[in-house]
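Heads up, the thing below is written out as structure tokens.
Coordinate-derived values only; no laboratory data. Bear in mind the structure is a predicted one, so any value in this text is a computation, not a measurement. Please note: Cβ atoms are built from the backbone with ideal geometry, for glycine as well, and neighbour counts cover all protein chains shown.
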There are 2 protein chains.
Amino acid sequence: MRTGAALSVGLEPAPDYLPRGYEPSIEGYEAFLRGVIGATADIAAAFKFNLAFFESLGSAGWAMLERVRSAIPAEAFVIADAKRGDIGTTAKHYARALFEHLGADAATVNPLMGRDSAEPFLAYGDKATYFLALTSNPGAGDFLMRDGLYREIVERVRAWGCEHRNAGIVVGATRGEKVAEVRAFAGEMAMLVPGVGAQGGDLETTCAAARSDGSPGGGYLIHVTRGVLPGKDDKGDALEIVRRKAMEWRDRIAKAGGGAG
Amino acid sequence: MRTGAALSVGLEPAPDYLPRGYEPSIEGYEAFLRGVIGATADIAAAFKFNLAFFESLGSAGWAMLERVRSAIPAEAFVIADAKRGDIGTTAKHYARALFEHLGADAATVNPLMGRDSAEPFLAYGDKATYFLALTSNPGAGDFLMRDGLYREIVERVRAWGCEHRNAGIVVGATRGEKVAEVRAFAGEMAMLVPGVGAQGGDLETTCAAARSDGSPGGGYLIHVTRGVLPGKDDKGDALEIVRRKAMEWRDRIAKAGGGAG
């Protein structure tokens, strides 16, 4: 993993995210997502699939997910954002679905059910598993921020990942003051940081907070989906806009995050 | 929902669960799962799909899930055990995938991210959403049982479900003493109770604990997967064995759980 910051670009077949000129059909989504990959493959360090949007299209959506995944160049880091969490053979099958069948390099996992729900993912020593630690939604106050549960999660995840050094955490950028606090006890764990851009987190503040002082493995991915998509006032070719915005994000991240990128 | 106890039968295309005579292929799993439905449709009150096993087969697994789901008689209650949990439009798309595309009557959801991760599911007023509250795995000790988090989850879920009275909870049977405790502050919420049978929870103790004294809506489903499958010493037709075992479970549940079943 990286010591600095790098850009993760989202791949989500959502009707609201589809630019003019693309139909909200399997074919239209696939054409657009392939276009995004082509327009940003030399800019993005990672691509993140949000599985919900594919699943809402049923088995045809899953088949499209498989095709789009195979269109990503081999050197890119592919994250399956699935937030699965279960136990025993069920957890093993979720890990197999994401790491083997889909061929993702990383997955997001919900840690609520504890260590035995994490182990089937962490057993893939050459894959990364990002555990939900502190999210940026209002509901994070219900349980994650209750009695410092998020701190407990980070500390346990850090211990779980010791063997293969392949555990990471998801920390929402919109709680800027919390990102620095989490980094203080996350050590060198990799972070996946959504919530800059459309959700309002400040990039420079987030990068300063998420940085692990260059310790090995302590890189972080700044994830952007809507931030690279054409806005309603953007004129011109949608994929050229995506490319330009991705370059802007990459450059801002490099400036704010330093490190090996 | 029911006031008494009833049987939920699991549908899981797992190689270890496949009786002799069925190949571990899409066709073999489909034939067996259709056979289980045919053999138990007049016995089971519910069928529960464990999505992990289908997903580990990729889009072909999802297509098989869709076909098997359509083979379930209209009067059965269909649960999509997916344990999803996310926020915003992502949560909406997971709910749409399970309730609309797959046509499930109920889904399991992970409540970790709080209220706004629950609302897109609960907004389907005629569908049931079961939230993970207390699971029966060792890792439940990591977070769920820390400082009574499971109690907090149950209390909040109960409040979230007020509008449509469609929230339920998942409570593992192997923590028998805990099932009664949870029922005490769960009020009349419906419970989905896995963990009897192969996982070792005692049925009679569980039913006595899970019962809500007949208050409206306070029914519970006793979920069995391996318990209805042929064991290695069982001789004869696999589906006849499944039917016989399902009848035994139904009868034991009716005796132990009483109520409207």
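Observations on the structure shown:
- Helical content alone sets the calculated 222 nm signal of the protein assembly as shown at -11500 deg cm²/dmol, taking -39,500 (n - 2.57) per DSSP H segment of four or more residues and averaging over every residue.
- Value of D in µm² per second that Stokes-Einstein yields for chain A, Kirkwood Rh from Cα pairs, at 25 °C (0.890 mPa s): 133 µm²/s
- Pairs over the 18 Å Cα-Cα cut-off, from the set A:K92/B:K245; A:K83/B:K127; A:K127/B:K92; B:K48/B:K83; B:K48/B:K255: A:K92/B:K245; A:K83/B:K127; A:K127/B:K92; B:K48/B:K255.
- Placing one equal scatterer on every Cα of the protein assembly as shown and applying the Debye formula, the log10 ratio I(q)/I(0) at q = 0.08, 0.13 Å⁻¹ is -0.49, -1.25.
- A:D237 label point (Cα plus 7 Å toward Cβ) to equivalent points in the other copies: 6.5 nm, shortest first.
- Quarter of the Cα convex hull surface for region A:111-256, i.e. its orientation-mean projected area (nm²): 9.7 nm²
- Chain B: most fluctuating residue of B:G125, B:G58, B:G114 per GNM, C-alpha cutoff 10 Å: B:G58
- Dipole in debye (nearest 20) - the protein assembly as shown, about Cα centre, beta carbon charges: Lys, Arg +1; Asp, Glu -1: 320 debye
- Each copy carries a label point for B:G187 at 7 Å from Cα along the beta-carbon vector; from one copy to the others these points are 4.4 nm apart, nearest first.
- Each of A:Y124, A:Y130, B:Y220 was scored by other Cβ atoms within 10 Å of its Cβ. Listed from fewest to most, they are A:Y124, A:Y130, B:Y220.
- Environment charge at A:G88 (Cβ cut-off 14 Å; Lys +1, Arg +1, Asp -1, Glu -1): 0
- For region B:5-257, with +1 on Lys and Arg beta carbons and -1 on Asp and Glu, the positive-most of B:A190, B:A95, B:A210 along the dipole: B:A210
- For region A:137-145, 3J(HN,Hα) per residue [Karplus equation, 6.51 cos²θ - 1.76 cosθ + 1.60, θ = phi - 60°, Hz, x = Gly/Pro]: 8, x, x, 4, x, 5, 10, 4, 9
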